[in-house]
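Below you'll find the structure, written out as structure tokens, and then a few comments.
The values are calculated or read from the model by the stated rules, or taken from the named source; none is laboratory data. Bear in mind the structure is a predicted one, so any value in this text is a computation, not a measurement. Glycine also receives a Cβ, built like all others from the backbone with ideal geometry; neighbour counts cover every protein chain displayed.
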Amino acid sequence: MDPLKTFYDERSRNIAAIRASDRLMDVSNTWIREVSAFKYIFNFDWLGRPIIQSGVDMVAVQEAVWSAKPDLIVETGIAHGGSLIYHASLLALLDVCEALHGGNGTRRFQPRRRVVGIDIDIRRHNRSAVEAHPLSPYITMLEGSSVDSTVISQVHDIAGKHARTMVILDSNHTAAHVLAELEAYAPLVARDSYCIVFDTAIEHMPDGFYPDRPWGKGNGPLTAVRTFLADHPEFAVDEPLDGKLLIGNAPGGFLRRSQS
């Protein structure tokens with residue numbers, strides 16, 4: 001018996017049991033709700049820049065990137081640029097692994113992959129910090145609304161130069177905005193790659209939890225995901241991946257494309 005297969009088989013059974021446990025889901029949602037009041041996900045950096053993400057979600061994104069091996073990641077929402085740096089570092093690792101696997105021991109190479117970050121307001125100090133980072137050659141930043149036709153056209157032009165695209169949506173969290181992003185960018189996603197929608201956990205927060213934001217229960221990313229999936233059978237929630245994200249911010253948000 002292959003010990004690694006045994007390990008993965010046990011993992012699959014554990015994930016299935018987790019997904020079937022309403023009590024565990026309730027406990028996890030309670031934990032997320034409680035720590036959200038303290039902006040828990042604001043507490044961490046990635047390679048020197050603040051990254052406003054759950055560590056669990058970051059590991060899951062890494063699994064998705066390694067599985068799909070995209071050569072382009074389109075990301076909506078930049079904030080301090082930490083997630084741009086994070087995704088660029090994953091692509092850089094893919095490039096390094098491919099270069100070393102080639103057998104020539106190459107240590108100097110031009111980046112083949114790219115992260116495109118979109119934000120309606122890229123503040124000057126954040127842009128400067130990203131541009132000064134060692135991974136900046138992997139990054140392109142576009143300022144403007146992610147649902148503006150000009151921005152969408154720019155992204156589609158860039159995607160046309162790459163073979164495998166992944167999309168990560170994490171900007172304005174209203175249902176209408178996220179649905180517009182899904183319609184604009186999900187078509188770029190390669191088969192067996194992902195469109196990841198963050199902050200679907202908003203749906204599990206109490207009414208009025210975001211008094212200074214236009215989104216909330218019934219008007220958030222998960223609302224958009226459900227609407228989108230109803231009309232797009234080529235996408236589905238990656239249930240094995242989703243099932244282990246007990247304390248992540250994207251439950252039901254890892255959408256994998258199974259067909260072109």
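Within the range 228-235, one or more residues are closer than 23 Å to N29 by Cβ, surrounded by 15 or more Cβ atoms within 10 Å (Cβ to Cβ) and not polar (S, T, N, Q).
For V178, are the conditions met, namely being within 23 Å of S149 (Cβ to Cβ), in contact with a Pro (Cβ under 6 Å, 6 or more places away or on another chain) and either free of Cβ contacts under 8 Å to residues at least 12 places away in the same chain or not in a loop (DSSP other than H, G, I, E, B) (or both)? Considered against the rule, which asks whether it is within 23 Å of S149 (Cβ to Cβ), in contact with a Pro (Cβ under 6 Å, 6 or more places away or on another chain) and either free of Cβ contacts under 8 Å to residues at least 12 places away in the same chain or not in a loop (DSSP other than H, G, I, E, B) (or both), V178 comes out as yes. Per the conditions (1) assigned to a loop (DSSP other than H, G, I, E, B); (2) farther than 20 Å from V65 by Cβ; (3) in contact (Cβ under 8 Å) with a residue 12 or more places away in the chain, the sole criterion not satisfied by A184 is (1).
Taking D207, is it assigned to a loop (DSSP other than H, G, I, E, B), modelled with pLDDT under 95 and more than 16 Å from A175 (Cβ to Cβ)? Lay out the reasoning, then the answer.
Details: assigned to a loop (DSSP other than H, G, I, E, B): yes; modelled with pLDDT under 95: yes; more than 16 Å from A175 (Cβ to Cβ): no.
Judged against the criteria, D207 is not a match.
If a residue must be over 23 Å from I152 (Cα atoms) and modelled with pLDDT of 95 or more, how many such residues does the range 87-106 contain? Summing the residues that are over 23 Å from I152 (Cα atoms) and modelled with pLDDT of 95 or more in the range 87-106 gives 2.
Inside the range 1-110, counting only helices (runs of 4 or more DSSP H) that do not spill past its ends, which hold 3 or more residues that are exposed (fewer than 14 other Cβ atoms within 10 Å of the Cβ) and more than 13 Å from the chain's Cα centre (by Cα)?
Values: elements: 3-20, 22-36, 55-68, 82-101.
Helices (runs of 4 or more DSSP H) meeting the threshold: 3-20, 22-36, 82-101.
Would you pick out the residues in the range 31-88 that are in contact (Cβ under 8 Å) with a residue 24 or more places away in the chain, out of contact with any strand residue (DSSP E or B) (no Cβ under 9 Å at 6 or more places or on another chain) and under 18 Å from A201 (Cα atoms)? The answer is W31, I32, R33, S36, I41, I52, S54, V56.
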